[in-house]
Amino acid sequence: MYLIEKHIIKKNNKFYTEIDKLSFLSKNLYNMSLYNIRQHYFNEKKFLSLKENYNLIKNIQKNDYESLPRKVSNQTLKQVDKNFKSFFNALKSYKKNPKKFKSSPKIPKYKDKINGRNILIYEKGAISKKQIKNDIIHLSKTNIYISSKIKYDDLIYLFFIFSKFCSSL
C-alpha cells in the first residue's frame with residue numbers, strides 16, 4: 001500500500017524559493033547527466049551506464065552533484081538512466097512493430113535552461129528521522145520543515161514536483 005500526502009507549495013509559501021532553487025539545481029544535474037549519456041550514445045553507439053555516468057558527474061562536474069543532498073542527486077541520475085532505458089525499449093519495440101506507434105520514439109530531451117525545473121526525489125534516508133517523530137518532515141541540507149501525518153516507517157520517497165502549472169495553484 002502506498003500512502004500519499006499532497007502538499008501544494010504556492011509562491012507565497014516561505015519554502016517556495018528554496019524548493020524552486022533546489023528543483024532548478026536538479027534540472028541542471030538532469031541536463032548534465034543527459035548530456036553525458038547522449039554524447040556517449042552519439043559517439044560510441046552505446047549506452048553509458050548509471051555507474052559510468054555517476055563517475056563522470058562525481059569526478060568532473062562535482063559542484064552540481066554536491067549542490068543537492070547526495071541521495072537526491074543520485075535519484076536524479078537514476079531518473080535520467082530510467083528515461084534513456086525507456087527510450088531504448090521503445091525503440092526496440094518500434095523496430096519490431098512500428099504500427100503500434102504514431103512515430104519513431106524520440107531521444108530524451110533537455111529541460112529548458114532558464115524555466116526548466118526537475119522533480120526532487122527525497123528518499124527515506126534524506127529525511128530527518130528525529131523530526132518526523134514530531135509530525136514534521138525536515139529535508140536534508142535545507143531549512144524546509146513541513147508538517148505531516150506520515151510515519152517514518154511508512155515513508156519510502158518524498159516527491160517535489162515543479163512544473164509551469166504550479167504557479168497557478
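We did not get these values from a lab; they are worked out from the coordinates using the rules stated. This structure is a prediction, so every number in the text was calculated from the model and none was measured. Using ideal geometry, Cβ is built from the backbone for each residue, glycine included, and neighbour counts are taken over all protein chains shown.
Things to note:
- Once you reduce the range 3-22 and the range 111-152 to the center of their Cα atoms, the two points are 10 Å from each other.
- Length gained when the stretch Ser140-Gln39 is fully extended (0.36 nm per residue, less Cα-Cα span): 33.1 nm
- Near-label residues of the range 59-93 by backbone N, under 19 Å of a point 7 Å along Cα→Cβ of Lys130: none
- Highest-fluctuation residue, Phe24, Phe87, Phe101 considered, GNM on the chain with Cα pairs under 10 Å: Phe101
- Computed extension length for Ser104-Lys11: 29.6 nm, one decimal, from 0.36 nm per residue of separation with the Cα-Cα distance subtracted.
- Charged-residue dipole, Cβ positions (Lys, Arg, Asp, Glu), the chain about Cα centre, Debye nearest 20: 700
- Look at the dipole of the chain built from charges on Cβ: of His7, Asn31, Phe159, the Cα furthest out on the positive end belongs to Asn31.
- Given charges at Cβ of Lys, Arg, Asp, Glu: the range 16-168 dipole, positive-most of Ser128, Leu22, Asn89: Asn89
- In the range 36-91, the C-alpha radius of gyration followed by the widest Cα-Cα span (Dmax) gives 11.7, 34 angstrom.
- Cross-link pairs Lys58/Lys85; Lys62/Lys92; Lys92/Lys124; Lys129/Lys149; Lys82/Lys111; Lys71/Lys106 - those with Cα-Cα distance over 23 Å: Lys62/Lys92; Lys92/Lys124; Lys71/Lys106
- Leading residue at positive end of dipole, the chain (Cβ point charges), from Ser67, Ile146, Pro98: Pro98
- Percent RCO, i.e. relative contact order, over the chain, from Cα pairs under 8 Å lying at least 6 residues apart: 27
- Hydrodynamic radius of the range 79-128 per Kirkwood, over alpha carbon pairs, in Å: 13.5
- Seen from every direction in turn and averaged, the convex hull around the alpha carbons of the range 1-94 projects onto 8.6 nm².
- P(r) tail fraction, the chain - alpha-carbon pairs more than 28 Å apart, %: 32
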